1. Of a type in the set (Lys, Arg) and closer than 25 Å to GLU330 by Cα: which single residue out of ARG99, ARG68, ARG94 fits that description?
2. Among the residues of the stretch 261-272, count how many are more than 13 Å from the chain's Cα centre (by Cα) and crowded, with 24+ Cβ neighbours inside 10 Å.
3. State which residue is surrounded by the fewest Cβ atoms within 10 Å (Cβ to Cβ) when the search covers only the stretch 276-334 and only residues that are within 19 Å of VAL115 (Cβ to Cβ) and among the β-branched types (Val, Ile, Thr).
4. What pairs can you find where one residue is in the stretch 204-223 and closer than 12 Å to ILE194 by Cβ, the other is among the polar types (S, T, N, Q) and exposed (fewer than 11 other Cβ atoms within 10 Å of the Cβ), and their Cβ atoms are less than 8 Å apart, with a gap of 6+ or different chains?
5. Could you tell me whether LEU162 is in contact with a Phe, Trp or Tyr (Cβ under 6 Å, 6 or more places away or on another chain), at pLDDT 95 or above and under 30 Å from ILE81 (Cα atoms)?
6. Go through the stretch 190-223 residue by residue and tally those that are assigned to a helix (DSSP H, G or I) and under 12 Å from PHE163 (Cα atoms).
7. For the structure I just gave you, tell me whether VAL115 is buried (at least 22 other Cβ atoms within 10 Å of the Cβ), touching a strand residue (DSSP E or B) at 6+ places or on another chain (Cβ under 6 Å), farther than 20 Å from ARG325 by Cα and of a type in the set (Val, Ile, Thr).
8. Restricting to the stretch 155-181, give me the number of residues that are part of a helix (DSSP H, G or I) and in contact with a Gly (Cβ under 9 Å, 6 or more places away or on another chain).
Amino acid sequence: MPLTLKRAFTLMNASYSQDIWKFKNQLDIRRRYFGSFWAQRRIAQTTLNFNAILQIGSTFDLSPYARRHDIPCFSYHDNNIYGYLAGKNNLPERPRLIRKAVNFEKTVYQNLTGVFTMSRTLRNRFIDDFRLPEDKVFYAGFGCPFAGLHLPVKDYTRKTILFVASHSFSQKGGEILLEAFRKVRKTHPDARLILAGQTLSIDQPGVECVGFLDKRSKEGLIHYSQLYQDATLFVLPSYNEAFGEVFLEAMAHKVPCIGTDCCAMPEIICQNNSGSVIPPGDSSVLADEILQYFENPNTLEQLGRHAYEVINTEYTWENVIDRIRQHASERMLS
């Protein structure tokens, strides 16, 4: 879609509240209809030979093009609109807007040949929330960019916590973690908390704010990886996570994780024996969990080893491609 159109839609959704502005912009189906038109136009202009379409997310409805050319169309997701709405605190009163957005996504999924998800948790949500047939929704997984690292020996007696979030500090549980960390420091005054991903000004003993790191640059990626290598515990007590790629990044560096018991976090962390989850919003429970790990470095080492192993056997792009190829072929032949 041309940049001028994107800006026009953004301005049409303007509001005095930045949260409402973002919410309206996210759910605006006019953007999706125009985006679908431009996406179909770009596909029609390509000179490449292809026998299927795989779109990322539900931004586009490509079914008109797919039907005209008798081409199967699939999608790949980290979330859907029900997951997005479930993660919104103080949801704006926009029932008509929400209804239209839900109906748009429902139409997209009904017209697709198949749906691929990054997590098994999300696969179940598609089946339960959108009433899609089980043989139409497939778990594909996700490929961790740090899979296959050769790492130095980690000293799990060091008490270094890492928190990574590029946006929404409060929604990601940042304030809850700061509160819990104050309690942890009373028992372990040498404990450190590294906050990375966004520019923050926090004056609290033991807390270091790294800011944004651009993983697209070699220098930024090296620095980013070093933060994980220096950490002994990764904590992201988020109220909602579309998928949770940062947990996989930590696990790839042999860093155990603490998340919350919602979305795909229990699947990624607990089912892979790589840490634990707690209820969101409870700093006391979080502090106790951190203290328990700090007092048992052998447990941290064991969990870190499990995490590293599962990243290199489950969360690789080779696995994702194999699953998509297998299920897409089956759907195309059926």
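1. So the residue among ARG99, ARG68, ARG94 that is of a type in the set (Lys, Arg) and closer than 25 Å to GLU330 by Cα is ARG68.
2. 1
3. This residue is ILE321.
4. Filtered contacts from the stretch 204-223: CYS209/THR199; CYS209/SER201; GLY211/THR199.
5. So LEU162 fits the description; yes.
6. 0
7. The answer is no for VAL115.
8. Matching residues across the stretch 155-181 total 2.
The values are calculated or read from the model by the stated rules, or taken from the named source; none is laboratory data. All figures in this text were calculated on a predicted structure; none of them were measured in a lab. As a convention, Cβ positions derive from the backbone with ideal geometry for all residues, glycine included, and neighbour counts pool all protein chains shown.
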